[in-house]
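One structure is given below, encoded as structure tokens.
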Ligand code: NAD
């Protein structure tokens, strides 16, 4: 039944099934690193949940996947409390929806949003928090449920990309994306296949499965990499824009994805989307979209967050790829 025709009673019947299905897929994806459906199937189902809850706000429940950051902390890894929560991100599936989002944001009366955005590639990995004390790496953790993540300090110390010491003796947190380059992913899956082990569905799940190991020696063999993109306590460094934050992290010794761009209007945003949609396959790492961030950091803070996502950034997700992926191959061969 299309959501527009759905009655309150019908919604009440459908919602628990929809939520249970998404929670189950979330477990497979976030905890077991082995999804059984493709992302666009999850996204479509999630979108339906958003629409139904939007139509009947009295039916929103606190345990709904729309109200929680996906990801659990049920592994045997130690737990880390995120003083500043690690959130998810809203998404749109067409440039038109993105432009509408921007218009609404710029029309918001409470905050004066300058129409300047920093566009970045949406790296297909998992979020990572790194804490430094006096310039030395002391902690690495995953997002987990946003409030409590998993302690992967020993594991991140094996990742060559991650500096153990910064170029300045800073004490603060930095955030970014941990990912597995395409070549490393292909090699890992080939090895696993040869050993009769289950293959990973995609580089994102391979990265998550490799970072969330109890034995750091296994992580060390997996050729993980990172791109850093966020400094929660930017004020301490006197930074004003997201672009400056990226430049600062590069100067500190972090890998920063160089393909970011400051844009001021829809045409420039469209050009960036077109460019990276075309280049996507040639990049040595997976991207599943682009991320648009309000460039002014104080404006980001003023815009704030919902319970689940920042209001100052949004992802444009690429349409699903056409070739059959590993997930489907597994289904055919079982
Ligand atoms: P998300 O992964 O889509 O987006 C948010 C994340 O993007 C951030 O947490 C960050 O880690 C990452 N990111 C990458 N590049 C970034 C950049 N340049 N700047 C800022 N952040 C950047 O959101 P989510 O809530 O983690 O997960 C939802 C996604 O997971 C959806 O794509 C969904 O399809 C997929 N999923 C799939 C299944 C399945 O069964 N296939 C199940 C659950 C979730």
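The values are calculated or read from the model by the stated rules, or taken from the named source; none is laboratory data. These figures come from a predicted structure and were not determined experimentally. Here the Cβ positions follow ideal geometry from the backbone for every residue, glycine too, while neighbour counts run over all protein chains shown.
Taking the range 47-87 as the region of interest, how many residues are within 9 Å of the ligand (Cβ to nearest atom) and crowded, with 19+ Cβ neighbours inside 10 Å?
First, pick out the residues of the range 47-87 that are within 9 Å of the ligand (Cβ to nearest atom): 65, 69-71, 86-87.
Cutting the leftovers down to crowded, with 19+ Cβ neighbours inside 10 Å gives us 65, 69-71, 86.
Residues that pass the stated criteria total 5.
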Residue list for the range 170-204, filter: more than 20 Å from residue 282 (Cβ to Cβ), within 16 Å of the ligand (Cβ to nearest atom) and out of contact with any strand residue (DSSP E or B) (no Cβ under 9 Å at 6 or more places or on another chain): 198, 199, 200, 201
In the range 240-249, what residues are surrounded by fewer than 20 Cβ atoms within 10 Å (Cβ to Cβ) and outside any helix (DSSP H, G or I)? 240
Return the pairs, sorted by first residue and then second, in which the second residue is in a loop (DSSP other than H, G, I, E, B) and modelled with pLDDT under 90, the first residue lies in the range 63-79 and is assigned by TED's automatic domain parsing to the domain that holds residue 44 and on the phi > 0 side of the Ramachandran plot, the beta carbons are less than 8 Å apart, and the residues are 6+ apart or on different chains. none
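Name the residue that is farthest from the chain's Cα centre (by Cα), counting only residues in the range 55-84 that are more than 23 Å from residue 176 (Cβ to Cβ) and not in a loop (DSSP other than H, G, I, E, B).
Here the answer is 58.
Any residue at all in the range 102-117 that is closer than 29 Å to residue 152 by Cβ and at pLDDT 95 or above? It would help to see each step written out before you state the result.
So in the range 102-117, the residues closer than 29 Å to residue 152 by Cβ come out as none.
Among the residues of the range 102-117, not one is closer than 29 Å to residue 152 by Cβ and at pLDDT 95 or above, which makes the answer no.
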Members of the range 205-239 found to be under 23 Å from residue 153 (Cβ atoms), more than 16 Å from the ligand (Cβ to nearest atom), touching a helix residue (DSSP H, G or I) at 6+ places or on another chain (Cβ under 9 Å) and not in a loop (DSSP other than H, G, I, E, B), listed by number: 216, 218, 219, 220, 221
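Name the residues in the range 250-270 that are within 16 Å of the ligand (Cβ to nearest atom) and not in a strand (DSSP E or B), would you? Spell out the reasoning first.
Here is the first cut: in the range 250-270, the residues within 16 Å of the ligand (Cβ to nearest atom) are 250, 254-263, 269.
Result: 250, 254, 255, 256, 257, 258, 259, 260, 269.
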Filter the range 17-33 down to residues that are near the ligand (Cβ under 9 Å from one of its atoms) and either in contact (Cβ under 8 Å) with a residue 60 or more places away in the chain or over 21 Å from the mean Cα position of the chain (by Cα) (or both), then give me how many there are. 2
